[in-house]
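Visitor: Starting off with a structure, shown below.
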Amino acid sequence: MSNWKRVLLIITGGIAAYKSLELIRDLQRRKIAVRCILTRAGAEFVTPMALAALSGDKVYQDIFSLTDESEMGHIELSRDADLIVVAPATANIIAKMRAGIADDLASTTLLATGKPVVIAPAMNVRMWEHAATQENIGVLKDRGISLIGPNEGDMACNEFGMGRMAEPSKIVEEITTFFSVRAGDTTPRLGARNGVLSGRRAVVTSGPTHEAVDPVRYLANHSSGRQGHAIAAALASLGAETILVAGPTQQPDPAGVTVKNVQSAVEMMAACQAELPADIVICAAAVADWRVANPPQEKIKKERGKNGNKTSAPPVLQLEENPDILASISTLKTERPALVVGFAAETNSVIEHAKSKRISKGCDWIVANDVSPGTGTFGGGHNTVHVIDGDGVEDWPVMSKEKIGFRLAERIAQYLETFS
Ligand SMILES: Cc1cc2nc3c(=O)[nH]c(=O)nc-3n(C[C@H](O)[C@H](O)[C@H](O)COP(=O)(O)O)c2cc1C
């Protein structure tokens, strides 16, 4: 079981707690180990004995248990997991999570964890629709907590409406997708509409380009490729057939994505053209505007005389313009992609420059970001972007590059559903 993924399943006090038994069994079948925390109310609906028997592990219930805390305290429980799943998630635990209340083992673990958390709410329709619950859910989502369900349907309380817990099979599907995409070290948003881009083909460019000066030297920039790779991972997780044309980067290949590695802008252009036609093209790479004209086949030597004195002037590099990948794809006369998105990395007047770039290149959207020194955008884990389309400017809050990837992929899915 050493290579199994590990889920910490928190079962709270709702009727749907009985479904956790099926959930545990189905996760184990997919080589996902489950360890359970059961709240006091949860134990009214499902027995620790049944959970222990199915999970093959001890069930953790009491934060003040001497044996539990010395064997596997609340910090270790979270540390040991790859993902925390709260299913069912009562209105109560959702409110506690929002408020940061830590008055039992489940809520303390949730407050103390840095691991990704997903919740499967389950409650009566009125509890679900209550302004307090809706506000709590909104805050949790903004904090990056993912939701699976709830669904509409008949309830145990003889009512009908929103609030039924998602079926265990759906929860298992989301968790499995999460782990497969995470192999590329991107964190998808669980609860995203998986499969919504299936049947679509996406080409994403990412990373810098290296423009040869001679066989051993090159011109480059600080792009890490993290944002472009995250976008490719997100599109693939929503079901798009995704091709990532990547300049030289240290990023791992995202799972489920076909990666074409290139060095220069000319190679990137050729690789993109070879992958067309496509429904979606995202040009996130920081492509060099210029390359060295006619780089020599041999290394340029620094000539020195016998006494070490310089005998030659520094070489003069003649530059020529690189092909404009974004503009050429945006202005294709035949088989233009339904959506072409460019990125604008700017250091001043970010929005104005990005707006004029959208017009001059002929693309549909521009994602603008400030890459001034000090912003930490290049190579950092976070980004602050502005999405500019024909309707105006959408300012997104600072987010991880992975989250931006998923939000952009969702926006793309919605756009294509509406317009193509
Ligand atoms: C029969 C019964 C069924 C319940 N079902 C739910 C439910 O489906 N969802 C919910 O949010 N609360 C439900 N509750 C209320 C919770 O059990 C209660 O709010 C409890 O404090 C939750 O504690 P916990 O979140 O620590 O598990 C139910 C209570 C009873 C008595």
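Visitor: Measuring from the lowest to the highest alpha carbon on each principal axis, how far does segment 97-176 reach, largest first, in angstroms?
Guide: Result for segment 97-176: principal-axis Cα extents of 37, 31, 24 Å.
Visitor: Next question, about the same structure. Please give the charge dipole size of segment 201-419, origin at the Cα centre, charges +1 on K and R Cβ atoms and -1 on D and E Cβ atoms. Round to the nearest 20 debye.
Guide: Working: 21 positive and 25 negative charges, 192 e Å.
Computed about the Cα centre, the dipole is about 920 debye.
Visitor: Please figure out what share of the DSSP beta bridges in segment 201-419 is antiparallel and state it in percent, rounded to the nearest 5. Intermediate results must be reported in sequence, preceding the final value.
Guide: Working: 16 of 42 bridges.
Bridges in segment 201-419 that DSSP calls antiparallel: roughly 40 percent.
Visitor: Find, to one decimal place in angstroms, the Kirkwood hydrodynamic radius of the chain, where the mean of 1/r is taken over every pair of different Cα atoms and then inverted. Can you show the working numbers first?
Guide: Working: mean 1/r = 0.0418 Å⁻¹.
Mean inverse Cα-Cα distance, inverted, gives 23.9 Å.
Visitor: Out of all DSSP beta bridges in the chain, what portion is antiparallel? Express it as a percent rounded to 5. It would help to have the intermediate numbers written out before the result.
Guide: On the way: 20 of 65 bridges.
Expressed as a percentage, antiparallel bridges in the chain total about 30.
Visitor: Of all trypsin sites (Lys or Arg not before Pro) in segment 1-72, which ones are in loop regions per DSSP and have a Cβ with at most 16 other Cβ atoms within 10 Å? Could you put the intermediate results ahead of the total?
Guide: Working: sites: LYS5, ARG6, LYS19, ARG25, ARG29, ARG30, LYS31, ARG35, ARG40, LYS58; in loops: ARG30, LYS31, ARG40, LYS58.
Hits after loop and neighbour filter: ARG30, LYS31, ARG40, LYS58.
Visitor: Search the structure for amide H atoms under 5 Å from the amide H of ASN221, placed 1.01 Å from N in the peptide plane, and list their residues when 5 or more places away or on another chain.
Guide: Counting only residues 5 or more places away or on other chains, the set is THR209.
Visitor: I've got another one for you. Can you tell me how much longer the chain between HIS222 and HIS130 gets when fully stretched, taken as 0.36 nm per residue apart minus their C-alpha distance, in nm with one decimal? Display every interim value, and only then the final one.
Guide: Values: separation 92, 0.36 × 92 = 33.12 nm, distance 4.82 nm.
Full extension from HIS222 to HIS130 adds 28.3 nm.
Visitor: Could you sort the peptides 157-170, 259-272, 67-80, 227-240 by per-residue average Cβ neighbour count (10 Å cutoff), highest mean leading?
Guide: Numbers: 157-170: 17.1, 259-272: 19.3, 67-80: 15.4, 227-240: 29.1.
By packing density, highest mean first, the sequence is 227-240, 259-272, 157-170, 67-80.
Visitor: Suppose a student asked you for the relative contact order of segment 5-179, using Cα pairs under 8 Å spaced at least 6 residues apart; what percent would you report? The partial results should precede the final answer.
Guide: Values: 340 pairs, mean separation 40.8, N = 175.
Rounded, it is 23 percent for segment 5-179.
Visitor: While we're looking at this one, here's another question. Can you list the lysines whose alpha carbon sits under 19 Å from that of LYS361, skipping same-chain ones fewer than 8 residues off?
Guide: LYS333
Visitor: Considering only DSSP beta bridges where both residues belong to segment 5-179, give the percentage that are antiparallel (nearest 5). Could you put the intermediate results ahead of the total?
Guide: On the way: 4 of 23 bridges.
Restricted to segment 5-179, the bridges split so that about 15 percent are antiparallel.
Visitor: Let me ask something else. Under the definition of Cα pairs under 8 Å and six or more residues apart, what whole-number percent is the relative contact order of the chain? Don't skip to the end; give the middle numbers.
Guide: Working: 891 pairs, mean separation 45.8, N = 420.
It rounds to 11 percent for the chain.
Visitor: Right, another one. Could you give the spread of the C-alpha atoms of segment 201-419 along their three principal axes, from largest to smallest, in whole angstroms?
Guide: 71, 37, 33
Visitor: Using modelled amide H (1.01 Å from N, peptide plane; none on Pro or chain starts), what sits under 5 Å from the amide H of ARG200, excluding residues fewer than 5 places away?
Guide: Result for ARG200 returns GLU241.
Visitor: Kyte-Doolittle mean at least -0.5 and Cα extent at least 18 Å along the axis: which DSSP H helices of the chain qualify? Numbers along the way, then the final one.
Guide: On the way: long enough: 168-182 (21 Å, 0.20); 401-419 (26 Å, -0.39).
Helices meeting the span and hydropathy rule in the chain are 168-182, 401-419.
Visitor: Magnitude of the Cβ-charge dipole of the chain, K/R +1 and D/E -1, about the Cα centre, nearest 20 debye?
Guide: Details: 44 positive and 48 negative charges, 217 e Å.
Roughly 1040 debye, rounded to the nearest 20.
Visitor: Could I ask something else about it? Can you spot the lysines whose alpha carbon is less than 19 Å from LYS302's alpha carbon? Ignore those fewer than 8 places along the same chain.
Guide: LYS310
Visitor: Hey, which lysines would be in cross-link range of LYS58, C-alpha to C-alpha under 16 Å, not counting anything within fewer than 8 residues on its own chain?
Guide: Result set, ordered by chain and number: empty.
Visitor: Which of the listed residues, ALA271, GLY390, ALA233, is farthest toward the dipole's positive end in the chain, when Lys, Arg count +1 and Asp, Glu count -1 at the beta-carbon?
Guide: ALA271
Visitor: To continue, here is another question. Using the alpha carbon gyration tensor of segment 318-420, what are the three equivalent-ellipsoid semi-axes (square root of 5 times each eigenvalue), largest first, in whole Å? Each step should come with its number before you reach the end.
Guide: Numbers: eigenvalues 99, 80, 30 Å².
They are 22, 20, 12 Å, listed from largest to smallest.
Visitor: Right, next: Could you list the square roots of 5 times each eigenvalue of the Cα gyration tensor of segment 250-305, that is, the equivalent ellipsoid semi-axes, sorted largest first and rounded to whole Å? Display every interim value, and only then the final one.
Guide: Working: eigenvalues 212, 44, 21 Å².
After scaling each eigenvalue by five and taking roots: 33, 15, 10 Å.
Visitor: Related question: Work out Dmax and Rg for segment 217-314 from the C-alpha atoms and quote the Rg first, both in angstrom.
Guide: 18.8, 65
Visitor: Would you report the distance distribution of C-alpha pairs in segment 5-179 as whole percents per 5 angstrom bin, up to the bin with the largest distance?
Guide: 1, 9, 19, 23, 23, 15, 7, 2, 0
Visitor: Averaging sequence separations of C-alpha pairs under 8 Å and six or more residues apart, then dividing by the length of segment 201-419, give the relative contact order as a whole percent.
Guide: In percent, rounded to a whole number, it is 21.
Visitor: Please list the non-local residues whose amide H lies under 5 Å from the amide H of ALA89, H modeled 1.01 Å from N, same-chain partners needing a gap of 5 or more.
Guide: ALA120, ALA122
The numbers here are math on the coordinates, done by the rules we state, and not lab data. Since the structure is predicted, the reported quantities are computational estimates derived from the model, not experimental observations. Positions of Cβ are backbone-derived with ideal geometry, glycine not excepted, and every protein chain shown enters the neighbour counts.
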